[in-house]
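Student: My questions will all concern the structure given below.
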Amino acid sequence: MSDLVQEATLARENAVAPFSKYKVGAALRTADGKVYRGCNVENCTYGLTVCAERVALLSALAAGERKFTAIAVVTQSDEPGTPCGPCRQLMWEYCGDIDITLANLGDRRIEYKLSTLFPHPFNFRPEE
Ligand code: THU
């Protein structure tokens with residue numbers, strides 16, 4: 001198992017998913033090799049649920065990280081789950097065309113570049 005998938009598998013154990021029972025773990029690697037973990041956190045309104053990918057990304061951004069190379073996402077499904085649309089948009093904005101590994105709890109792995117999953121991004125950048 002790759003290190004990043006292993007980190008995402010460990011992150012998944014902290015998932016707070018009492019409603020869907022669908023636990024997700026993510027591990028985001030920075031350009032200098034640090035790893036930030038995230039898990040999905042659900043909420044009784046359902047709508048305020050935050051995905052594992054966004055928890056990992058926001059945690060890294062809050063720690064001051066700005067350059068990323070890869071993310072692994074682990075789900076319990078037979079076929080590894082793919083990131084939702086809002087996560088794809090945020091990853092594109094803050095990580096660029098990173099490597100994405102989607103994995104299940106067994107040995108199924110799917111590798112993508114983000115641009116394959118999110119081909120026509122919204123790219124607005126405010127003037128600095
Ligand atoms: N979820 C993630 O954490 N990441 C995804 O890419 C898709 C969905 C979570 C949200 C919710 O807690 C559960 O999976 C079921 O949708």
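Student: Check the straight Cα-Cα distances from Lys113 and name the lysines below 22 Å, setting aside those fewer than 8 residues away within the same chain.
Tutor: Within the straight-line cut-off, Lys113 pairs with Lys34, Lys67.
Student: Taking the Cα centre as origin and putting +1 on Lys and Arg beta-carbons and -1 on Asp and Glu beta-carbons, what dipole magnitude results for the stretch 64-107, to the nearest 20 debye? Let's see the in-between values first.
Tutor: On the way: 3 positive and 7 negative charges, 50 e Å.
It comes to approximately 240 debye.
Student: Let me ask you something else. When only Cα pairs under 8 Å and 6 or more residues apart are kept, what is the percent relative contact order across the chain?
Tutor: 21
Student: For the stretch 24-128, run through the chymotrypsin sites (Phe, Trp or Tyr not before Pro) and keep only the ones in DSSP coil with at most 13 other Cβ atoms within 10 Å of their Cβ.
Tutor: Taking the stretch 24-128 and a limit of 13 other Cβ atoms within 10 Å, the loop chymotrypsin sites (Phe, Trp or Tyr not before Pro) found are Tyr46, Phe122, Phe124.
Student: Can you find, among Gly64, Gly81, Tyr94, the residue sitting farthest towards the positive end of the charge dipole of the chain, where Lys and Arg contribute +1 and Asp and Glu -1 at Cβ?
Tutor: Toward the positive end, the furthest listed residue is Gly81.
Student: Taking 0.36 nm per intervening residue step and subtracting the Cα-Cα distance, what contour gain separates Leu61 from Ala31 on full extension?
Tutor: Stretched fully, the Leu61-Ala31 segment lengthens by 9.5 nm.
Student: How big is the charge dipole of the chain about its Cα centre, in debye rounded to the nearest 20, if each Lys and Arg gets +1 on its Cβ and each Asp and Glu gets -1 on its Cβ?
Tutor: Here the size comes out at about 160 debye.
Student: For Lys21, give me every one of the aspartates and glutamates with a C-alpha distance below 19 angstrom, ignoring sequence neighbours fewer than eight places off in its own chain.
Tutor: Of all the aspartates and glutamates, those that pass the test against Lys21 - Cα under 19 Å, at least 8 places apart if same chain - are Glu13, Glu42, Glu53, Asp78, Glu79.
Student: Moving to a separate point now. In what sequence do Lys34, Lys23 fall when counting other Cβ within 10 Å, fewest first?
Tutor: Lowest to highest Cβ neighbour count: Lys34, Lys23.
Student: Moving on to the next point. For Thr45 and Phe19, compute 0.36 nm times the residue count separating them, minus their Cα-Cα distance, and round to one decimal in nm.
Tutor: 8.3 nm
Student: Of Arg88, Arg109, how do they rank once you tally other Cβ atoms within 10 Å and put the fewest first?
Tutor: Ordered from fewest to most neighbouring Cβ atoms within 10 Å, Arg88, Arg109 come out as Arg109, Arg88.
Student: Round to the nearest 0.05 the FRET efficiency obtained for Thr69 and Asn123 when R0 = 25 Å and r is the Cβ-Cβ distance.
Tutor: On the way: r = 20 Å, r/R0 = 0.80.
According to the calculation, E is roughly 0.80.
Student: Oh, and also: With a point put 7 Å past each Cα toward its Cβ, work out how far Gln89 is from Thr116 in nm, to one decimal.
Tutor: 2.4
Read-outs throughout are calculated quantities, based only on the coordinates presented, and are distinct from any laboratory measurement. Since we're looking at a predicted model, the values are computed, not measured. No Cβ is skipped: glycine too gets one built from the backbone with ideal geometry, and neighbour counts run over all protein chains shown.
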